[in-house]
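A.B. asks: My questions will all concern the structure given below.
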Amino acid sequence: MLLDIPYGKDEVQRLDVPDRNLIQVLRPNDVMQGGGRQAIGQALDHPIGGVPVEELFRRGDVLVIVNDGTRPTPTAQVLEALRERVPLSEAHFLVATGAHRAPTEDEMELIFGGLLPSLRRSIHVHDCRRSRMAYVATSKNGTDIWVNELVQRHERILIITSVEPHYFAGYTGGRKSILPGVCAYSTIEQNHRLAMRPEARSLALEGNPVHGDMMDCASAMRGKTIMAVQVVLDKHQGIYKVAAGDVHASFNEAVRWADEVFVVEAKARADIVVSIATYPMDVDLYQSQKAMENARPVLKEGGTLILVSKCRQGIGEERFYRLLSGSPDPDQVLKAVEVEYHLGDHKAAKMAEMGRRARICGVTSLDDGTLQGINIVPFRSAQAALDEALARRPGASVMVIYEGSVVVPRVV
């Protein structure tokens, strides 16, 4: 079967998988196309709990929290729909970077679209290390929750986000825009350390300690009205459905819709899995690790994982690379994380766990030596990587996962 493999923002690679080897191509499920701006409008017309967005803005100054450029959230479309209903010029905006870097100018244009010039003076970019923070509470897990002072200063908050599976928080969206989105580095670090626990996994909310922290944070915002517009995208990154209203009620509805799109049934596990991190989740290797993790349920022990991700901005977190390059033995990497955890180490640990059970190949724009330094075999094309894997094992079964960062396979 001849497949077109997305690579970077606009590039495509061709991949010819022998029919005798291919067992399945997994993509987000086909769902009825959403109504785009109309779906946003309908959600705003019929909020789930809470107050109508017009009432939210009528009662005073509003802080609008939006995702950064690493998420596919159609923020600009939501803002355009809101502009027809409420005075956006009177609001303040906070870009929820979490522990990520500040957005580039291109990413700011992606987030705010044509409204960027008129809103720029009201836009603040969260910096988990330098922004002024306010203490909120201590979670049941013992995480000290500090949030951006802007959040504490506003009584009315509107979150614009998207909901899809997340490999250790269960799902993105809703409460995640606050923790980690606008929290202090120390808070994010404490929260993400919980990702090392087995309960912290994709699709899991009940009993997930990472999710529990996030809920504790949102619940501690006493006296505030927190509303949300939560978008679920289809496999073409078009709008499937939109839930608006109370941050928790709208999140729960969006989770149900996200499962309809992103949870896919797999026939069996495969010897070779090609997992594709598509734009914008291909920003770097640190972010692309999600596409590796989602392949875990369908990859046989001792198999080969082929990650396809342009990694447009390199490796990502420096410590992430230092940990992985510290030893060719994945067990040594895991021991180093256990001895002293720092934010982001869970990604290195999960990649080391993958390296313990599979051979990892990378189709990226990173130089060969960089990948070899962290025990990833480098290739310049998906075809070359697959050909080499099949040469090693001609009868191997092959599975291809599109949108590997968000598609979660379940073996039936």
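Readers should treat all values here as calculations from the given coordinates under stated rules, not as data from a laboratory. Note that the structure is a prediction, hence the values are computed from the model and not measured. With ideal geometry, Cβ positions are generated from the backbone for all residues, glycine too; neighbour counts draw on all protein chains shown.
A.B. asks: Relative to the longest principal axis of the C-alpha atoms of the chain, give the angle of the C-alpha long axis of helix 247-262, reported between 0 and 90° and rounded to the nearest 10°.
C.D. replies: For helix 247-262, the angle is close to 30 degrees.
A.B. asks: In addition: Can you run phi through the Karplus equation (6.51, -1.76, 1.60; θ = phi - 60°) for the range 55-65 and list ³J(HN,Hα) in whole Hz, with x for Gly and Pro?
C.D. replies: Taking θ as phi minus 60°, the curve returns 5, 4, 7, 5, 8, x, 4, 10, 9, 9, 9 Hz for the range 55-65.
A.B. asks: Still on this model: Got a sec? Charge dipole of the chain, +1 on Cβ for Lys and Arg, -1 for Asp and Glu; which of G326, N208, Y402 is way out at the positive end?
C.D. replies: N208
A.B. asks: Past the 23 Å Cα-Cα mark, which pairs from K235/K267; K9/K350; K176/K300?
C.D. replies: K9/K350; K176/K300
A.B. asks: Output the 0 to 90 degree angle, nearest 10, between the alpha-carbon long axis of helix 345-357 and the longest principal axis computed from the alpha carbons of the chain.
C.D. replies: Approximately 30 degrees, to the nearest 10.
A.B. asks: For T138, what residues show an amide H to amide H distance below 5 Å, using hydrogens built from the backbone and excluding near sequence neighbours?
C.D. replies: Here I145 satisfy the definition.
A.B. asks: Separate question: In the chain, if the dipole is taken from +1 on Lys/Arg beta carbons and -1 on Asp/Glu beta carbons about the Cα centre, which of V78, G170, A385 is farthest to the positive end?
C.D. replies: About the Cα centre, the residue reaching furthest to the positive side is G170.
A.B. asks: Here's a follow-up. Which one of V136, V229, I276 is farthest out on the positive end of the charge dipole of the chain, using unit charges on Cβ (Lys, Arg +1; Asp, Glu -1) and the Cα centre as origin?
C.D. replies: V136
A.B. asks: Given the peptides 227-238, 131-142, 294-305, arrange them by the average over their residues of other C-beta atoms within 10 Å, most packed first.
C.D. replies: 227-238, 294-305, 131-142
A.B. asks: Kindly provide the helix-only [θ] at 222 nm of the chain, computed as the sum of -39,500 (n - 2.57) over DSSP H runs of four or more divided by all residues, to the nearest 500 deg cm²/dmol?
C.D. replies: -9000 deg cm²/dmol
A.B. asks: Another question, then. Quick check: the angle from helix 330-339's long axis to the longest principal axis of the chain, C-alpha only, nearest 10 degrees?
C.D. replies: Taking Cα atoms only, the helix is inclined about 30 degrees.
A.B. asks: Amide H of Y7 versus every other amide H placed in the peptide plane: which residues, excluding those fewer than 5 positions away on the same chain, fall under 5 Å?
C.D. replies: Placed amide hydrogens put V12, Q13 under 5 Å from Y7.
A.B. asks: Okay, next question. For T143, T104, what ranking results if the residue with the fewest other Cβ atoms within 10 Å of its Cβ goes first?
C.D. replies: Going from least to most buried by this count: T104, T143.
A.B. asks: Still on this structure, please answer the following. For the range 311-361 and the range 179-243, write down the distance between their C-alpha centroids in whole Å.
C.D. replies: First find each Cα centre; the distance between them is then 23 Å.
A.B. asks: Springs between alpha-carbon atoms under 10 Å, Gaussian network over the chain: tell me which of F57, F168, F93 tops the mean-square fluctuations.
C.D. replies: Maximum among the listed residues: F57.
A.B. asks: Given +1 on the Cβ of Lys and Arg, -1 on the Cβ of Asp and Glu, and no further charges, what dipole in debye does the chain carry about its Cα centre, rounded to the nearest 20?
C.D. replies: 420 debye
A.B. asks: In percent, how large is the relative contact order of the chain, given Cα pairs closer than 8 Å and 6 or more residues apart?
C.D. replies: On the way: 950 pairs, mean separation 85.0, N = 412.
Here the relative contact order equals 21 percent.
A.B. asks: Would you please give the residues with an amide H less than 5 Å from that of R201, counting only those at least 5 places away or on a separate chain, with H modeled from the backbone geometry?
C.D. replies: Sorted by chain and number, the residues that satisfy this are G170.
A.B. asks: Output the relative contact order of the range 37-262, whole-number percent, from Cα pairs under 8 angstrom with separation of 6+ residues.
C.D. replies: With pairs under 8 Å counted, the relative contact order is 24 percent.
A.B. asks: Right, another one. Can you run phi through the Karplus equation (6.51, -1.76, 1.60; θ = phi - 60°) for the range 20-26 and list ³J(HN,Hα) in whole Hz, with x for Gly and Pro?
C.D. replies: Those phi angles translate into 5, 9, 6, 9, 5, 10, 9 Hz.
A.B. asks: Fewest first, what order do K224, K310, K241, K347 take by the number of other Cβ atoms within 10 Å?
C.D. replies: Least crowded to most crowded, the residues run K224, K310, K241, K347.
A.B. asks: Determine ³J(HN,Hα), in whole Hz, for all residues of the range 391-405 in sequence, where each value follows from phi through the Karplus function 6.51 cos²θ - 1.76 cosθ + 1.60 and θ = phi - 60°; x replaces Gly and Pro.
C.D. replies: Result, rounded to whole Hz: 5, 6, 8, x, x, 5, 7, 10, 10, 10, 10, 7, 6, x, 6.
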